[in-house]
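Worksheet: one structure, shown below.
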2 protein chains.
Amino acid sequence: MSQRQASTSHRPDPVTYDLLREDSASRARLGVIHTPHGDVPTPAFCPVGTQATVKTLSPRELVELDAHMILGNTYHLYLRPGADVIARLGGLHRFMAWERPILTDSGGFQVFSLQGLRQVDDDSATFRSHIDGSEHHFTPELVVETQEQLGSDIAMVLDECPDPLDYAYNVQALRRTHLWAERCLKAHSRPDQALFGILQGGIFDDLRAESARVLTGLGFPGYAIGGLSVGEPKADTQRVLDGVIPLLPKDRPRYLMGVGAPEDLYDAVAQGIDLFDCVLPTRLARNGAVFTAEGRMNLRNARYREDGRPIEESCTCYTCQHFSRAYLRHLVMTKEILGLRLNTIHNIHFLLRLMETIRQALAEGAFLAAREAFLEHYQVADPLARMDNRQAWRANPRSRG
Amino acid sequence: MSQRQASTSHRPDPVTYDLLREDSASRARLGVIHTPHGDVPTPAFCPVGTQATVKTLSPRELVELDAHMILGNTYHLYLRPGADVIARLGGLHRFMAWERPILTDSGGFQVFSLQGLRQVDDDSATFRSHIDGSEHHFTPELVVETQEQLGSDIAMVLDECPDPLDYAYNVQALRRTHLWAERCLKAHSRPDQALFGILQGGIFDDLRAESARVLTGLGFPGYAIGGLSVGEPKADTQRVLDGVIPLLPKDRPRYLMGVGAPEDLYDAVAQGIDLFDCVLPTRLARNGAVFTAEGRMNLRNARYREDGRPIEESCTCYTCQHFSRAYLRHLVMTKEILGLRLNTIHNIHFLLRLMETIRQALAEGAFLAAREAFLEHYQVADPLARMDNRQAWRANPRSRG
């Protein structure tokens with residue numbers, strides 16, 4: 001890695017992707033994304049640090065969990081404390097004391113989720129701050145400038161995120177998303193930052209194909225699939241991925257935004273996705289729910305009141321190495337902050353180890369066997385719990401996931 | 001220390017105090033308290049872990065901060081999760097993964113602060129839970145049994161905590177406190193736990209002297225001064241300490257409950273106090289206020305918006321080594337949990353280093369010079385801020401401090 005970093009100045013592209021191995025039985029692939037702040041082995045899951053902090057965790061803990069890249073959010077940081085403030089303080093990495101790669105979402109998803117949204121036209125998205133009601137205009141150029149001020153390794157274009165099931169609206173929104181993608185590309189100039197494109201088109205195969213055609217024509221160093229995992233039926237998600245991934249270049253990373261349920265990670269990796277982000281592990285943790293190899297465990301359940309076992313006997317995270325389910329339940333019931341922290345550590349650890357298992361399996365040519373072994377024991381959250389997730393998004397759409 | 005631990009079984013007293021050095025210019029003293037879970041160099045400040053967690057911190061962080069002893073609270077743990085539950089899970093140390101000494105407060109202060117308190121008679125204090133309104137009776141025997149179930153190194157007697165300014169009521173309450181102290185002593189049987197007495201008597205010298213006489217007559221391995229630092233004028237606190245400390249045996253530790261402001265720690269050490277606890281550093285931290293050598297700093301202040309400096313340039317805590325005032329302010333303003341954590345780390349670090357400085361000065365025979373050097377730069381929180389503390393206690397009396 002140090003060799004690569006040393007040679008960065010000789011390469012025109014600040015972020016590149018090396019495809020190391022393709023799975024013979026699926027579209028899954030093993031690779032690595034090189035960034036100015038280090039390498040990200042893929043497939044990778046990125047914890048979400050919306051407001052320049054992965055909720056409840058310190059950077060030291062994230063390094064110990066071996067998170068390779070985290071997310072920041074343009075919408076939130078633009079409003080508070082202001083990207084100009086962060087720039088004057090040395091950029092987002094220094095601001096939050098995180099020396100590894102950062103990807104910043106453009107804020108499109110957040111803006112288009114705001115209930116008080118007034119207007120979107122080809123020029124900009126006009127919205128009111130959820131904090132103080134002040135009016136703001138996001139143009140593609142402003143969103144690029146903001147992310148250049150933040151200094152993330154990977155910036156995202158401004159996109160419009162419509163209801164994925166409304167065909168007529170998606171036709172219009174897609175035209176605008178493509179227009180904005182081109183303007184973002186033109187506006188982007190920071191040499192140590194990559195700008196990724198975002199495909200939209202809802203659940204409609206023809207629109208998704210059109211989006212892939214237009215964006216790959218523009219030529220981005222990486223491509224995100226936006227507008228999925230927002231409550232649409234899972235069969236639609238899979239069909240869209242199945243149709244669109246083959247239309248993307250093999251030498252660029254593919255990023256599925258907002259996905260983080262273990263079963264969904266396996267499914268999307270099988271489709272050829274390299275990068276994920278989701279608030280699910282941190283949000284579930286704060287609600288007292290933790291991942292286990294058998295499925296989700298709700299620590300509020302009275303059955304854990306005197307359960308002296310860790311969440312998972314075999315887990316090596318700080319939480320499982322020191323604390324019982326009974327203690328964690330006590331912290332959840334008494335609303336103690338340490339409970340939120342310990343549950344978050346376990347959930348992030350769980351997903352990062354899951355991705356490590358996937359990468360290991362890909363290296364050994366045994367991805368589908370690993371997936372099968374996982375799904376054999378893992379009880380997927382029932383449709384109601386998935387609906388909860390959808391409803392949570394509708395009720396509080398400013399946070400993805 | 002290991003030698004002492006090895007010889008524990010040959011000593012009748014589980015907790016003992018060694019007086020190492022007396023200050024020639026004040027009553028301050030350097031010492032060490034030996035407990036079944038290790039030594040506590042004194043004077044010492046104990047962070048408060050009311051509900052089996054020092055708010056926002058992990059045990060690992062507390063060890064790194066080098067906290068020698070922490071507090072737990074009988075009232076809170078009796079209600080949730082129940083001392084019997086903790087006992088079946090192996091005791092409080094194991095429950096919260098804290099291997100160093102623990103002192104448990106008896107819950108008297110909490111019970112007598114409850115607004116819905118129905119009745120106190122010589123038999124017991126009857127109260128309603130602040131959680132579900134259920135009725136409970138604290139007898140001296142129950143409070144001792146509860147602390148034996150918790151397995152703390154130092155347990156406290158049940159005491160009545162009246163308004164410190166009401167003489168007539170203090171006379172009655174003191175009789176009951178002494179009666180209960182005797183019953184606690186009789187009920188106590190756990191050989192690896194010490195039971196400390198608590199002096200009461202409000203701000204009245206004659207009652208305090210009477211309390212010292214009765215309790216030292218009963219013979220406890222340690223003595224706490226209760227019922228002070230609850231909003232009474234500071235001159236009264238100092239006068240009471242000045243009068244009562246000389247009445248306590250020199251070979252037993254003295255513990256001033258609920259004191260934690262830096263200037264008050266210096267003053268009480270000068271009076272001969274060995275042990276302190278207070279929620280001040282953790283509570284202030286959660287309100288965005290941090291200690292500095294110059295006084296309290298409120299991180300909400302707009303002046304810190306772009307301040308790239310740490311809270312204190314010379315501070316060696318994790319917070320100051322990694323984060324700017326601007327970042328901490330951002331976390332406070334966005335209500336991010338990491339902000340509560342980082343502020344708490346700094347404040348606990350500040351007080352523990354202050355106690356270390358005091359011990360070092362005592363070892364070198366330079367205590368008063370150290371005190372003077374500290375107070376020269378430290379701007380004491382103004383009377384209004386002290387009043388805030390008093391009002392906070394009145395408004396939410398269940399938390400000491």
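Numbers at a glance
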read-out: In the range A:114-138, the residues that are in a loop (DSSP other than H, G, I, E, B), open to solvent by less than 30 Å² (accessible area, probe 1.4 Å) and either in contact (Cβ under 8 Å) with a residue 24 or more places away in the chain or touching a Lys or Arg at 6+ places or on another chain (Cβ under 8 Å) (or both); value: A:Leu114, A:Ser129
read-out: Single match in B:Ala224, B:Ala268, B:Ala285 (criterion: more than 14 Å from chain A (Cβ to nearest Cβ), within 18 Å of the chain's Cα centre (by Cα), assigned to a helix (DSSP H, G or I) and surrounded by 16 or more Cβ atoms within 10 Å (Cβ to Cβ)); value: B:Ala268
read-out: First in the range B:353-369 and over 18 Å from B:Ala44 (Cβ atoms), second anywhere and among the hydrophobic types (A, V, I, L, M, F, W, C), Cβ under 8 Å, 6 or more apart; value: B:Leu368/B:Ala25; B:Leu368/B:Ala270; B:Ala369/B:Ala361
read-out: Odd one out for A:Ala261, checked against (1) under 14 Å from the mean Cα position of the chain (by Cα); (2) within 20 Å of A:Val111 (Cβ to Cβ); (3) not β-branched (Val, Ile, Thr); value: (2)
read-out: Residue that is farthest from B:Val40 (Cα to Cα), among those in the range B:180-221 that are part of a helix (DSSP H, G or I) and of a type in the set (S, T, N, Q); value: B:Ser211
read-out: In the range B:322-334, residue farthest from B:Val279 (Cα to Cα) [restricted to those that are open to solvent by 10 Å² or more (accessible area, probe 1.4 Å) and more than 9 Å from every other protein chain (Cβ to nearest Cβ)]; value: B:Arg325
read-out: Scan of the range B:139-192 for residues that are among the small types (Gly, Ala, Ser) and either open to solvent by less than 30 Å² (accessible area, probe 1.4 Å) or in contact (Cβ under 8 Å) with a residue 12 or more places away in the chain (or both), ordered by number; value: B:Gly151, B:Ser152, B:Ala155, B:Ala173, B:Ala181, B:Ala187, B:Ser189
read-out: Odd one out for A:Thr319, checked against (1) surrounded by 21 or more Cβ atoms within 10 Å (Cβ to Cβ); (2) out of contact with any helix residue (DSSP H, G or I) (no Cβ under 8 Å at 6 or more places or on another chain); value: (2)
read-out: Residue list for the range B:14-61, filter: part of a strand (DSSP E or B), under 17 Å from the mean Cα position of the chain (by Cα), within 18 Å of B:Val269 (Cα to Cα) and touching a residue at least 60 places away in the same chain (Cβ under 8 Å); value: B:Ile33, B:Val40, B:Pro41, B:Thr42, B:Ala44, B:Phe45, B:Cys46
read-out: Residues satisfying the stated conditions in the range B:329-347, i.e. closer than 19 Å to A:Ile131 by Cα and of a type in the set (A, V, I, L, M, F, W, C); value: B:Leu331, B:Val332, B:Met333, B:Ile337
read-out: Qualifying positions in the range B:65-113 - assigned to a loop (DSSP other than H, G, I, E, B), open to solvent by less than 20 Å² (accessible area, probe 1.4 Å) and small (Gly, Ala, Ser); value: B:Ala67, B:Gly82, B:Gly91, B:Ser106, B:Gly107
read-out: Within the range B:62-85, considering residues that are of a type in the set (Val, Ile, Thr) and more than 16 Å from the chain's Cα centre (by Cα), the one nearest to the other protein chains (Cβ to nearest Cβ); value: B:Val85
read-out: Residue check for B:Thr53: polar (S, T, N, Q), more than 14 Å from chain A (Cβ to nearest Cβ) and open to solvent by less than 30 Å² (accessible area, probe 1.4 Å); value: no
read-out: Residue in the range B:163-179 that is among the acidic types (Asp, Glu), over 23 Å from B:Ile33 (Cα atoms), assigned to a loop (DSSP other than H, G, I, E, B) and in contact with a helix residue (DSSP H, G or I) (Cβ under 7 Å, 6 or more places away or on another chain) present; value: yes
read-out: Matching option when the condition is open to solvent by 30 Å² or more (accessible area, probe 1.4 Å), under 30 Å from B:Ile358 (Cα atoms) and either within 13 Å of another protein chain (Cβ to nearest Cβ) or at pLDDT 95 or above (or both), among B:Pro47, B:Pro59, B:Pro36, B:Pro43; value: B:Pro36
read-out: Residue count for the range A:335-368, restricted to those that are acidic (Asp, Glu) and at the interface with another protein chain (Cβ under 7 Å from one of its Cβ atoms); value: 1
read-out: Qualifying residue in the range A:104-122 (condition: more than 21 Å from A:Cys184 (Cα to Cα) and within 10 Å of another protein chain (Cβ to nearest Cβ)); value: no
read-out: Residue within the range B:298-306 that is outside any helix (DSSP H, G or I), away from chain A (no Cβ under 14 Å) and among the hydrophobic types (A, V, I, L, M, F, W, C) present; value: no
read-out: Search result, residues across the range B:227-265 that are part of a loop (DSSP other than H, G, I, E, B) and among the hydroxyl-bearing types (Ser, Thr, Tyr); value: B:Ser229
read-out: Residues being in contact with a Ser or Thr (Cβ under 7 Å, 6 or more places away or on another chain) and within 13 Å of chain A (Cβ to nearest Cβ) - total across the range B:307-321; value: 4
read-out: Test result for B:Asn389, assigned to a helix (DSSP H, G or I) and at pLDDT 95 or above; value: no
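The values are calculated or read from the model by the stated rules, or taken from the named source; none is laboratory data. Just so you know, these numbers come straight off a predicted model, no measurement behind them. Methodologically, a virtual Cβ is constructed for each residue, glycine included, from the backbone with ideal geometry; neighbour enumeration extends over all protein chains shown. Surface areas here come from the heavy atoms of the whole protein model, side chains and all, with no ligands, DNA or RNA. Shrake-Rupley method; radii C 1.70, N 1.55, O 1.52, S 1.80 Å.
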